[in-house]
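Read the structure below first, then the notes.
The values are calculated or read from the model by the stated rules, or taken from the named source; none is laboratory data. The model shown is predicted, which means the values in this text are computed figures rather than measured ones. Ideal geometry is used to build each Cβ from the backbone, glycine not excepted, and the neighbour counts take in all protein chains shown.
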Amino acid sequence: MIEAIERGEINTVVCKDLSRFARNYFEAGVYLHKYFIEKGVRFIAIGDHVDSANGNYGLNVPILNIMNYEYAQNISEKTRDAKKARAKHGMFLGSKAPYGYIRDPQERHHLLVDEEAAGIVRRIFAMAEDGTGYNKIAKTMQNEGILNPISYFIEKNPDYFTNGYYLRESRWHVTSVKAILTNPVYLGHTVNGRRTSKTMKGKSEKAPEENWIVAENTHEALTTPAQWENVQKQIAVRSRACKDGEPQMFAGLLYCADCGSALSYSRAPRKTVPDSGQFKCWYYMRYGKEYCSTHYISEKQIKVVVLDAIRRNAQYARLYHNRYEKMLTAALAESAQGKLKDRKKEAEKAHKRIETLDGIIRKLLEQNAAGAITDERFATLAAGYDQEQRELKAVLDEYEAAAREVDEAVVKAEQFTSLIEKYTDLQELDAHVLHTLIERIEVSQRETQPDGSKTQKVTIYFKYVGYVHIPM
């Protein structure tokens, strides 16, 4: 219509009433009080008895536009609140089911597994856990002729899309793989509110993760919590594949024992002896020897050290199961007791202060009700005390977490003992093994001994239990 007005083909605009013309009173004002007048266009709203040919609109039109806008805003808020309530109950509210699922024919807000696509989702998670990057996963799917999520959906629902754009989208993209690997729906959780808009009918944008509405265990999962954790960790470190297409298995695990920065991987081109690659302190490489030292270790060396540590722990656990489990329990309990002891006095002080603040806030309420202090003064003081209470409660949370660590020592020891025993006959490392067993590896600088020999300390922190010292 605007294009036709610009071409001079329209000189009158007629609508049922002002609410049909615009719900945004800002835009309505621009058109009615400026644009139409400049273009010589007559405006008529039949239901509201508005006709620009009768002269100035007066206050009636702006007031009606504002009322229409507020009505639309109110409806929008009520709709949003209703969606939030359904989301909190774990109802799936998306327009179409995620890849790997279908809507339950009996309950449209519940998801069922689509076994055909679910097999592809499980395979993608397995490949990612083994260290395969987004690009290589996408290429593998494409080369094998597997339909991408949108093409698969169209094949199952040929009448869903009327826009021809989606019908042309047939390739696997990195974004499709990433969307699958980062979607908590595959853990069996229903997640709503991942996107939002600041204004009514405004542009949709990604919402902060803390604002997502997550309902856990609402449908069958396609990945396990352990596998999910391993995949997310590898995504977080943004591991990149080498030139030969193989991923770097130690990405996100190796750190400098002195400055704490990650060890950076590189390969030096050599014509004689093939270079397997080496790691150096990133801080040293970026800022030089004045800030840190090289902490150089070759990929071949770190593989030997880590493989040996895993096998020694596995063999010891297999031969002396109970002794190994007790040793881990004692070490974990000692560490947790130390944290608990450090936080006990802070927690006691925080508890007393919180009780004091509760009394202060009650008195403030009474004084405000009696008119002794103004609402503004009450709001200022209450906000300060609320903030202090939140900080004190965080101290109590840390104390409770330390207490839970003491209780969980036995469980963690049992869990790791059963896990490590499976790797007694491990012959070769891969990303899956590393990210399943190891939390962090710290590499120290090489030291020259009095006899001229060189030694280098490598400290391995295993998942659940941290550093483990095996008796020789």
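Entry remark, the stretch 284-318: residues being under 22 Å from ILE438 (Cβ atoms) and either more than 34 Å from the chain's Cα centre (by Cα) or not in a strand (DSSP E or B) (or both) number 22 in total.
The set of residues in the stretch 33-46 that are modelled with pLDDT of 85 or more and touching a helix residue (DSSP H, G or I) at 6+ places or on another chain (Cβ under 9 Å) comprises TYR35, PHE36, ILE37, LYS39, VAL41, ARG42, PHE43, ILE44, ALA45.
Of the residues making up the stretch 214-270, those that are among the acidic types (Asp, Glu), at pLDDT 80 or above and either surrounded by fewer than 16 Cβ atoms within 10 Å (Cβ to Cβ) or not in a loop (DSSP other than H, G, I, E, B) (or both) are GLU216, GLU220, GLU229. In the stretch 336-363, the qualifying residues are those that are in contact with an Asp or Glu (Cβ under 8 Å, 6 or more places away or on another chain) and at pLDDT below 75, and the one that is surrounded by the fewest Cβ atoms within 10 Å (Cβ to Cβ) is LYS339.
Scanning the stretch 424-472 for residues that are outside any loop (DSSP other than H, G, I, E, B) and touching a His at 6+ places or on another chain (Cβ under 7 Å) yields a total of 1. Taking the stretch 20-52, which residues are surrounded by 14 or more Cβ atoms within 10 Å (Cβ to Cβ), of a type in the set (Lys, Arg) and part of a helix (DSSP H, G or I)? The one that is surrounded by 14 or more Cβ atoms within 10 Å (Cβ to Cβ), of a type in the set (Lys, Arg) and part of a helix (DSSP H, G or I): LYS39.
Within the option set LYS136, LYS83, being surrounded by fewer than 20 Cβ atoms within 10 Å (Cβ to Cβ), under 23 Å from the mean Cα position of the chain (by Cα) and at pLDDT 85 or above holds for one residue only, LYS136. Restricted to the stretch 302-326, and to residues there that are touching a residue at least 24 places away in the same chain (Cβ under 8 Å) and among the hydrophobic types (A, V, I, L, M, F, W, C), the residue that is farthest from CYS256 (Cα to Cα) is ALA317. When every residue of the stretch 377-393 is checked against the conditions, at least one turns out to be more than 39 Å from the chain's Cα centre (by Cα) and either in the same structural domain as LYS344 (by TED's automatic domain parsing) or among the charged types (D, E, K, R) (or both).
Conditions tested, residue by residue: (1) surrounded by 17 or more Cβ atoms within 10 Å (Cβ to Cβ); (2) at pLDDT 85 or above.
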| position | (1), (2) |
| --- | --- |
| VAL410 | no, no |
| GLU414 | no, yes |
| GLU439 | no, yes |
| ARG446 | no, yes |
| GLN449 | no, yes |
| LYS457 | no, yes |
| PHE462 | yes, yes |
